[in-house]
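Each reported figure results from applying straightforward, stated rules to the coordinates on display, with no laboratory input. All values derive from a computational prediction rather than experimental measurement. In this analysis, Cβ positions are derived from the backbone assuming ideal geometry, glycine residues included, and neighbour counts consider all displayed protein chains.
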Amino acid sequence: MIGNRITHRTADGVRIPGTWRHAFIRNGGHYFLTDLFIYADGLIDCWGLVTVEEFEEKLRTGWVATGLLEGAKASAHGLAHWKFSEPQSRQNPELLLAEVRDTIDRLNGRPDSTGRCLAAVDAFLADRTEENRAAARAAFLAIPETQRRYALGDMDRKDWPLRVLVAGPGGQTYLSFDGTVTQKDYDAALAYFEERARWMAERPKRVPADGPVASHAPAVHVTQTFPKDPVDDPGKVGLRNDYPAPITVGEASYPSVAHAYWALSVAQPEARGTIATAETAFAARKLAAEAPRREGWENVRTAVMTRLLRAKYDQHPELAEILLATDDATVIYDDMDSAFWGDNAGRGRNWTGRLLELIRSELHAQRTELPGL
């Protein structure tokens, strides 16, 4: 079964989402335990990127192995090697191919075989003709057998209501031990789906106790700029750490958050004054880069930046209004000099963006005067 592991590859600068599962590659007479990567654009990496059709051929020839031979040699590179003794596999080429196709559908937000089955079941329940039942049964059997038990997301009943419903009274399910479906069984399955429909209808009305998970406002992208002078309406530029908004922290004053950050980062007290009075934030960074860093700076830099940002937005209400106007948007902050502070097209950690969201939340809390805070 292919799970919810997340990965990606980059093609022409575009991030292609994907996932993976374990698999055996059979090269000659030797088996290699490896990872099979499946991507949203329909390519599969099985020791080389291939299309779905090419992957099907790899399965047919046994390059991607689902059958394991008694006594065959196997290895996991750099980890272990062994021989198979009484090997058993839960896969065959058809099942694995079907799972891969389902995975590509899910990565693209399309209904997979389970989604198509449930849609066919809904059509049958709305119009209970034998033709619609046959379509629902065909859609159910198109789900890879390894996935059918999960189709309803019910770990107690598994797929029992589904297989009984599509078989119908007097019919046979795909599991021989079920026996002939009785009218009582069928009525119980119908009751199950009626209750499930009521539950599904109420589900959208349920609101998480802590509110929505995702932002409702569009993301805000604070792009790299080099502001030199304050302006009356700076917009998002005012959210830059190098925007000229003087702050006072303790007994010291600085032309911008960036000046303060770089001055506080150096070990030598005599260098701090020079950095703090540098003509631009860029010059302040350059001077700091040439000086020894404070010991353990990486362990305190996030706390320092948090304090500096609080000072900026406390001391400049007009800039606080710009930050508050971003509502609950994700703040994507570019800083080409730092993959720690900047998002940088998804390659950085975006800590400045995260801290701006924190400060914004604190400003909202101050506005509402929450009791107990």
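Taking 19 Å as the straight-line reach from the Cα of Lys58, the aspartates and glutamates in range (excluding those fewer than 8 positions away in the same chain) are Asp35, Asp41, Asp45, Glu94, Glu99, Asp102.
The alpha-carbon of Lys205 sits under 15 angstrom from the alpha-carbon of none of the aspartates and glutamates, leaving out residues fewer than 8 places away in its chain. Decide, for region 264-311, between rounded, prolate and oblate: order the square roots of the alpha carbon gyration tensor eigenvalues as a ≥ b ≥ c, take rounded if a/c falls under 1.5, and otherwise choose prolate if a/b is larger than b/c, else oblate. In terms of gyration-tensor shape, oblate. Charge tally for Gly348 (other residues, Cβ to Cβ under 15 Å; Lys, Arg +1; Asp, Glu -1): +1.
Annotation for Arg149 and Glu202: the two label points, set 7 Å from Cα along the Cα-Cβ direction, are 2.9 nm apart.
Taking other C-beta atoms within 10 Å as the exposure proxy, Arg272, Arg367 rank Arg367, Arg272 from fewest upward. A simple charge model with +1 on the Cβ of Lys and Arg, -1 on the Cβ of Asp and Glu and nothing else charged puts the dipole of the chain at about 780 debye relative to its Cα centre.
Each of Ile25, Ile359 has some number of other Cβ atoms within 10 Å of its Cβ, and from fewest to most they run Ile25, Ile359. Backbone N atoms of region 81-106 closer than 15 Å to the 7 Å Cα→Cβ label point of Ala119 belong to residues 102, 105-106.
Mean silhouette area of the chain, derived from the convex hull of its C-alpha atoms and averaged over all directions, reads 28.5 nm².
Considering only alpha-carbon pairs that sit under 8 angstrom and 6 or more positions apart, the relative contact order computed for region 113-200 is 21 percent.
For region 7-107, the fraction of alpha-carbon pairs lying more than 17 Å apart is 52 percent, rounded to a whole number.
With the Cα gyration tensor of region 242-296 giving a ≥ b ≥ c as the square roots of its eigenvalues, does the rule (a/c under 1.5 for rounded; else a/b larger than b/c for prolate; else oblate) give rounded, prolate or oblate? Note, shape of region 242-296 comes out oblate. For Lys184, the lysines whose Cα comes closer than 24 Å to its Cα, not counting residues fewer than 8 places off in the same chain, are Lys158. Across region 113-200, the volume of the C-alpha convex hull divided among the residues equals 90 Å³ per residue.
In a fully extended conformation the segment linking Lys184 and Phe340 would gain 49.9 nm over its present Cα-Cα distance, using 0.36 nm per residue.
Each of Leu324 and Ala303 was given a label point 7 Å from its Cα along the Cα-to-Cβ line. The distance between the two points is 2.9 nm. In the chain, the DSSP-assigned H stretches of four residues or longer account for a calculated mean residue ellipticity at 222 nm of -12500 deg cm²/dmol, using -39500 (n - 2.57) per stretch and the full residue count as denominator. Its residues counted as N, region 202-352 yields a C-alpha radius of gyration over 2.2 N^0.38 Å of 1.17.
Packing order of peptides 291-300, 156-165, highest average first: 156-165, 291-300 (average count of other Cβ atoms within 10 Å over each peptide's residues). Extending 7 Å from Cα along the Cβ direction at Ile16 and again at Arg60 yields two label points whose distance is 2.3 nm.
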